[in-house]
Each structure stands twice: as C-alpha cells, then as structure tokens.
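Remarks on the structure that follows.
The values are calculated or read from the model by the stated rules, or taken from the named source; none is laboratory data. Fair warning: this is a prediction, and the values are worked out from it, not measured in the lab. Cβ coordinates were reconstructed from backbone atoms using ideal geometry, including for glycine residues, and neighbour counts include every protein chain displayed. Protein only, heavy atoms only, side chains kept; ligands, DNA and RNA dropped before computing areas. Shrake-Rupley method; radii C 1.70, N 1.55, O 1.52, S 1.80 Å.
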Amino acid sequence: MLRSCRLPLAVLLLCVAVPLTFAKPKDKHDLPPRATSGVDHIIVVMMENRSFDHLLGWHPTADAMQDGLAYPDRTGTLQPTFVLAPDYQGCAHPDPDHSWAGGRLDYHGGKMDGFLLPQTNDTYAIGYYGEHDRPFYNALARAYTTFDRFFSAILAETYPNRIFMHAAQTDRLENTLDLSTLPTIWDRLLEKGVSARYYYSDVSFLWLWGDKYLPISASYGQFLADAAADTLPSVAFVDPRFVGEAEGVSNDDHPHADVRAGDAFLAQTFQAVATGPAWSRTVFIVTYDEWGGFFDHVAPPRAVAPNDIDPDLVNGQALLGMRIPVVVASPFTRGNPTTPRVDSTVFDHTSILKLIEWRWNLRPLTARDASDDVGNLAFALDLANPEVRVPALPPAIAPPPMPCPPPPAPSPGSQPGEVGLKDLIKIAPVGLVPTP
C-alpha cells in the first residue's frame, strides 16, 4: 500500500479536527453501579462484509484513509483506490475474497497491501464510498461515536465471526451449516432471567443452534411494534434481510446488495428506537460481521484465543479480523458533528458481550471476553453526561430493488458457491416458514 500526499503540510495541519473526548473510566471500578448506570436496553444490529476505510475512510477525526492509496495487483502494478458511487451494488465485480486464507493474503504479514492478491479479487476490493453516498449512517457516525480500532473477532468469514458475536469463540473457520453446540450470551441472559429477544427479517442466524432459541425469536415487524410500545427486552439483536444478497436485493450490505438499501434499513431501525419511550435508557450498536475483503490500512492486533480452532496462534493469541465500521448511538455517546467523537480503544465483537455481561453481571463465556486484550464497550459510554435529544438526521429511502444480471453459468466441475446467510433456509426449524 502506498499513499500520496497531495496537500502541503501546513494545509494538512490546519485541516486536522480534534475528536470530541470525555473523561473515560479507567477500569471496571470506575464504572457506576450496574443498576443505576442508566442503561436498561442494549440493541445490536449486525450488518455484512464491509471494512472501516471502505465505508468510513472519509471520517475527519478518525484514523481513516480512502483517496490517495494504491495497492499492487497480481502483476505488481499499483492500482489506486477510487470512489464506487454511483455504482452502489458492484454487480459487475466478484464478491471479494474474505475467507480465512484470503484474509491472510490481504494482511500480507502486517503490510496490509494484499487486497488485490486473492485470485478472485479485482479493483472492487479497493473501491470506497464517500460521506455523501450513505447519508444516514454517515450522519449517525458524525453525531454519535465511532471507533477506529474496532476489529472483527477473527480474521475469517461470516459464520465464524457471527458465532463469535454470540459465543465469544467459534467452532469453525468457514461458512458451514453444521449445527453449533457452543454456549452463548443468550444462555447467560436466560440463566439470570434477563429479558432477551432476537429479531430477524427473513432467516435467523440462531437457526445454527437448531430450535434452541425459537422461544426468544421474533420478526422485524415485532421489533418495530415493541420499540413503539416500550416492550423492548433488555437485550435485543436485530438482523436485516439476508435472502437475495448475491442477486442484489437484500438490505444487509453484503455484496451485491445496494448499500442505499442498507442505509435505509439502519435509518428505520434507529428511528424506531430513538423515537420510542425507551430511548433515554438505550445503547444502540451498529456493527459489521467482518471486512468482506475490502481494503483497510490498519493491521489487526492479536488477542487471546478462546480455543484452538484457529491454527494461526502466536503465544496463545490469534489475529483479530480487519477493522469494521461500528457506530454506537445513545444518549451516552452523543458527539458533535463538527468534531465527531472517536474512540481508539482496541475492541472486537466480544467487547459488546463484555458490555452486556457488565450491565447484567453475567459470567464470561470464554477467555476472550474475560481478558483485557480487548476493551469493554461500557468504557465508551459517557454515563455521567447523557444527552437525550436526538439530532436531526437525514432520511434514507431504499431504492427500488435492482437485481444484478445473472452470473455466467458455472463451468463443469467447478466448485459450488460460498455458503451464505441465505442458506440458513436449508436448516430452518421444522414448520417454520421464513418471513417474506
């Protein structure tokens, strides 16, 4: 990766904005008592397959880069990063490689210059969206808190990272439909009698545990109703539509979904919470499962490995995944749009679990969420100075569905396509019909 500097140093210094900060608690003893913290609801939305620089590299106060970078292709020729809009789907491009092996090509021994090296990648992997291309989410990032050291939990694809989000570990390195038996945060919540619900739009990732969590599962429509009626549980996860992502008609941000549809889904979901009666007591978290093969300039660190599934271990530590574009919107994370608030603590998906565990005094699931290698997201909250007023945010309207043209027919003997979240339909619990 190379970066060209196009402005004189004096001009660059004048353009640097100072991120909004606050007196952060130093350790768990500085946090207020759980019951009087003001946090009664934690809502987690997990989108799909985008890196920090790819979506938030425009951010004025974060460690962020977009324009001016260049990456070598497989011939050694440097290819510059470029704005993808007005192409919001990338139908003409292959989905970038985001496998365990592909991630190590991207990482390239920490050089972070291998994003064009996987055989299936083209320059789509080094394209990006600017601030005006996703008006709602980028305004949310300016108005609240984002993170320039928030990494996915493992340098691997979707299923391993989503399993980490629930279990603080994974039982696989690839997307497979084998049922999981790992204990999860939902078990810890149910043990303590803490209300919890998993809302899904068409297929549920919790089906990977069979029918175990059907009693706490509900539709996205029910989420909207619960937000309006002040009946949201203490902990809620909310999923977008996954079916149709390869065809470009989902709203989960996975290529080749239209990223404007994902922006509209996030706007609707946030506004349902922010205009509801529980807003003053809510932490609303938008995260992504992994980087999707898109470029990012910050090398991930290592953290304690919760098990030995990942063979790439150094002194018992595994690589975290690439940075992901996380925003936490809450009365406890309000920023200033002109000097947006950025937290540079090392976080990963298990940092969200640590926040939930802190608030309801739950036992850690594994060595990862019990360790100090990654931070507790509770430390990103300014619990002493809540600001309940919600700033004016631009609306986001989903465009009409625009299916991608069918891909060429696979050649004889070619490998089947990657297992994706849409394939959870194949293991839907008996009698359960996916929501259209």
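Of all DSSP bridge pairs formed entirely within the chain, close to 40 percent run antiparallel.
Leaving out ligands and nucleic acids, note down the accessible area per residue over the chain with a 1.4 angstrom probe, in whole Å².
39 Å²
In order along the stretch 99-111, the phi-based Karplus estimate (6.51 cos²θ - 1.76 cosθ + 1.60, θ = phi - 60°) of 3J(HN,Hα) comes to 7, 4, 6, x, x, 6, 5, 4, 4, 6, x, x, 6 Hz; Gly and Pro are listed as x. Normalised by the number of residues in the chain, the mean separation of alpha-carbon contacts (under 8 Å, six or more apart) gives a relative contact order of 26 percent. For the listed residue pairs K192/K422; K192/K354; K212/K426, the alpha carbons are over 21 angstrom apart in K192/K422.
Taking the Cβ of I309 as the center, what net charge do the other residues with Cβ under 10 Å away carry, scoring Lys and Arg +1 and Asp and Glu -1? Intermediate results must be reported in sequence, preceding the final value.
Working: positive: R172; negative: D171, D308, D310.
Residues close to I309 contribute a combined charge of -2.
Computed from phi, the 3J(HN,Hα) profile of the stretch 195-210 under the Karplus parametrisation 6.51, -1.76, 1.60 (θ = phi - 60°) reads 5, 8, 8, 10, 9, 10, 8, 9, 10, 10, 5, 5, 5, 5, 9, x Hz, with x in place of Gly and Pro. Here the contact order of the stretch 245-344, divided by its residue count and restricted to Cα pairs under 8 Å and six or more residues apart, works out to 23 percent. Each Lys and Arg Cβ is given +1 and each Asp and Glu Cβ -1; about its Cα centre, the chain then shows a dipole of about 1100 debye. Proximity of backbone amide H atoms, modeled 1.01 Å from N, is registered between M47 and T287, Y288, D289 at under 5 Å, excluding neighbours fewer than 5 places apart on the same chain. Does the chain classify as rounded, prolate or oblate by the C-alpha gyration tensor (a ≥ b ≥ c root eigenvalues; a/c under 1.5 gives rounded; else a/b over b/c gives prolate, otherwise oblate)? Judged from the Cα gyration tensor, the chain comes out rounded (a/c under 1.5). Residues whose amide H comes within less than 5 Å of that of F150, counting only those at least five positions distant or on another chain, are I324, F347 (H built at 1.01 Å from N in the peptide plane).
Put the Cα centre of the stretch 314-351 next to the Cα centre of the stretch 252-281 and the gap is 19 Å. Amide H contacts for Q317 (H built 1.01 Å from N in the peptide plane; partners 5 or more residues away or on another chain; cut-off under 5 Å): A305. Counted residue by residue at 0.36 nm each, then reduced by the alpha carbon distance between them, the extension gain from A225 to T176 reaches 14.3 nm.
Using only the Cα atoms of the stretch 270-391, build the gyration tensor, take square roots of its eigenvalues as a ≥ b ≥ c, and label the shape rounded, prolate or oblate: rounded if a/c is under 1.5, else prolate if a/b is larger than b/c, else oblate. Prolate. Build a GNM of the chain with springs between Cα atoms under 10 Å apart, and of A229, A196, A380 the one that fluctuates most is A229. Taking all protein chains as they are arranged and a probe of 1.4 Å, the heavy atoms of K422 leave approximately 60 Å² accessible to solvent. Length gained on full extension, V419 to A101, computed as 0.36 nm times the residue gap minus the Cα-Cα distance: 112.9 nm. Taken along the Cα-to-beta-carbon direction at a fixed 7 Å, the label points for N361 and L190 span 2.2 nm. Counting only protein heavy atoms and a probe of 1.4 Å, the accessible surface of the chain is 59% carbon and sulfur.
Note that the stretch 278-283 has calculated 3J(HN,Hα) couplings of 8, 4, 5, 10, 10, 10 Hz, one per residue in order, obtained from phi through the Karplus relation 6.51 cos²θ - 1.76 cosθ + 1.60 (θ = phi - 60°); glycine and proline are x.
In a fully extended conformation the segment linking Q317 and R302 would gain 4.8 nm over its present Cα-Cα distance, using 0.36 nm per residue.
Rounded, prolate or oblate: which fits the stretch 84-168 when a ≥ b ≥ c are the square roots of the eigenvalues of the alpha-carbon gyration tensor, with rounded for a/c under 1.5 and prolate only if a/b beats b/c? Oblate is the answer for the stretch 84-168, as a/c is 1.5 or above yet b/c matches or exceeds a/b. Given a 1.4 Å probe and the protein chains as shown, H41 ends up with an accessible area of around 20 Å². Under a Gaussian network description of the chain, with springs only between Cα atoms under 10 Å, the residue in P406, P96, P60 that fluctuates furthest is P406.
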